[in-house]
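Take a look at the structure below.
Rule-based calculations on the coordinates, nothing more; no lab input. Owing to the predicted nature of the structure, the values given are computational and were not obtained by experimental measurement. No Cβ is skipped: glycine too gets one built from the backbone with ideal geometry, and neighbour counts run over all protein chains shown.
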Amino acid sequence: MKITRVEAIPFAIPYRKPLKFASGEVHVAEHVLVRVHTDDGITGVAEAPPRPFTYGETQAGIVAVIDDLFAPQVVGLSLLERETMTARLARTVGNPAAKAALDIAVWDALGRSLDVQVTELLGGYTDRMRVCHMLGFDEPAAMVAEAQRMRDQHGITTFKVKVGRRPVGLDTAVVRALREGLGDDVELYVDGNRGWTAAESATAMRDMAGLGLLFAEELCPADDVLGRRWLVSQLDVPFIADESAVTPADVTREVLGGSATAVSIKCARTGFTGSQRVHHLAEGLGLEVVMGNQVDGQLGSLCTVAFGASYRLTSHRAGELSNFLDMTDDLLTEPLEIHDGELTIRPGAGLGIEIDPDKLARYRQDT
Ligand code: MUC
Ligand code: MG
């Protein structure tokens with residue numbers, strides 16, 4: 001079970017429909033496939049999605065930090081020495097997606113070595129999650145039509161609506177149109193990606209009172225410390241910290257400081273080991289948890305459901321698991337399918353997936 005080699009392979013797959021939100025746009029999935037090889041012939045895989053506008057990582061930067069810094073620090077370790085690996089990677093600040101993919105690939109390799117699913121290794125609570133679809137910026141009618149299509153074709157009944165545009169009425173009109181168009185049975189929440197000020201957020205939330213929102217996420221920057229605390233104190237729904245609370249220390253600071261009352265866990269930035277730590281902290285603090293999406297492909301979405309299904313708290317709410325549907329293609333031999341609004345884990349060992357060699361050859365950018 002010794003790690004012998006780590007590969008970081010850049011690939012690019014275009015989106016059929018780009019995702020637009022307050023802090024950026026994604027037109028092409030320019031991700032990095034990470035493979036961890038062991039001395040007994042096992043390979044674990046994961047994908048790292050760079051989000052320069054949120055975490056400062058780029059595709060080329062992820063490849064470089066893995067090749068130059070992280071791979072030499074993990075080669076020679078056993079798959080069972082994950083805490084040592086975490087401590088070594090933690091000596092380098094930042095680089096959350098690069099560290100997360102390496103961590104997940106190690107868990108996948110461990111599951112394959114032991115012939116058990118990663119969900120069983122992590123907690124084994126259930127084998128599925130309800131799916132939430134993220135709706136990016138568009139005109140109200142187009143966003144309602146997309147939500148209706150997701151409900152009709154995939155049975156999805158939870159929607160996260162991207163907000164944060166100016167004037168705020170642009171977005172509140174969308175949320176109102178969604179509630180009117182889809183009825184009271186769907187779950188709706190909003191994510192501002194720090195686009196509004198605290199005062200704009202308060203105005204928007206007042207305007208949307210009565211629309212039955214489930215949560216509000218990262219409407220204004222956490223660095224507007226007193227403004228955000230003022231906003232959160234007046235809301236009657238949980239306020240999710242997403243990009244402001246990546247590590248357990250961030251979560252502690254935001255929650256104890258009154259700037260958040262719930263947390264988004266994203267395996268794409270905390271892997272499985274870091275996500276476990278955030279989960280355990282959230283459980284101890286009594287916080288609601290949503291399994292979030294870092295605009296993941298199929299592999300990343302499967303990692304999210306594999307982790308989310310492991311615990312009661314992470315599988316309680318719908319997870320953000322469907323935006324891979326907007327990509328033109330993917331790398332898995334067997335594509336993910338959402339049925340009746342749910343995504344299930346794969347039956348095989350580890351993550352239970354295989355990478356299609358022809359697809360990887362077509363989309364990789366280093367040859
Ligand atoms: C989200 O929840 O903010 C947008 C950027 C990113 O990193 O994740 C997405 C979704
Ligand atoms: Mg968010």
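Taking the C-alpha atoms only, the angle from helix 273-285 to the longest principal axis of the chain is near 40 degrees.
Under the simplified labelling scheme, the Ala173-Ala361 pair shows an inter-label distance of 5.1 nm, with each label point 7 Å from Cα along Cα→Cβ.
Full extension of the chain segment joining Ser78 with Ala12 gains 20.6 nm, where the gain is 0.36 nm per residue of separation less the Cα-Cα distance. Computed over the Cα atoms of the range 68-190, the ratio of the radius of gyration to the Kirkwood radius (Rg/Rh) comes to 1.17.
Compared with the rule-of-thumb size 2.2 N^0.38 Å for a compact globular protein, the chain has a Cα radius of gyration ratio of 0.95. For the chain, what is the percent of antiparallel DSSP beta bridges, rounded to the nearest 5? Bridges in the chain that DSSP calls antiparallel: roughly 55 percent. Straightening the chain between Ser23 and Asp207 buys 64.0 nm, computed as 0.36 nm per residue apart minus the Cα-Cα spacing. For the pair Ala249 and Val116, a Förster radius of 25 Å applied to the C-beta separation gives a FRET efficiency near 0.20, rounded to the nearest 0.05.
Residues whose amide H falls under 5 Å from that of His31, counting only those 5 or more places apart or on a different chain, are Phe11, Ile13, with hydrogens built in the peptide plane. A Förster radius of 35 Å, combined with the Cβ-Cβ distance separating Glu337 from Phe53, puts the computed FRET efficiency at roughly 0.70.
How long is the gain from Ala60 to Glu180 if the chain were fully straight, where each residue apart is worth 0.36 nm and the alpha carbon distance is subtracted? Mind showing how you got there, number by number?
Working: separation 120, 0.36 × 120 = 43.20 nm, distance 4.42 nm.
Once the chain is fully extended between Ala60 and Glu180, it gains 38.8 nm.
Within the shell of other residues whose beta carbon sits under 12 angstrom from the beta carbon of Arg179, the net charge comes to -3, with Lys and Arg scored +1 and Asp and Glu -1. The phi-based Karplus calculation (6.51 cos²θ - 1.76 cosθ + 1.60; θ = phi - 60°) puts the 3J(HN,Hα) values of the range 139-147 at 6, x, 5, 5, 5, 5, 5, 5, 5 Hz, whole numbers, x for Gly and Pro.
If you take the Cα centroid of the range 289-336 and the Cα centroid of the range 341-361, the two points sit 12 Å apart. Other residues whose C-beta falls under 12 angstrom from the C-beta of Asp67 contribute a net charge of -2, scoring Lys and Arg +1 and Asp and Glu -1. When the label point is put 7 Å from the Cα of Gln153 along its Cα-to-beta-carbon vector, which residues of the range 1-35 have a backbone N closer than 16 Å? Inside the label zone: 15-19. The 3J(HN,Hα) values that the Karplus relation (6.51, -1.76, 1.60; θ = phi - 60°) gives for the range 21-36 are, in residue order, 8, 5, 9, x, 9, 10, 9, 9, 7, 9, 9, 10, 8, 10, 10, 10 Hz. Gly and Pro appear as x. Across the range 123-222, the relative contact order, built from alpha-carbon pairs under 8 Å that are at least six residues apart, equals 26 percent. Taking the Cα centre of the chain as reference, the dipole from Cβ charges on Lys and Arg (+1) and Asp and Glu (-1) amounts to some 580 debye.
Here the Karplus relation 6.51 cos²θ - 1.76 cosθ + 1.60, evaluated at θ = phi - 60°, turns the backbone of the range 112-121 into coupling constants of 5, 5, 8, 6, 9, 6, 5, 4, 5, 5 Hz, with x for every Gly and Pro.
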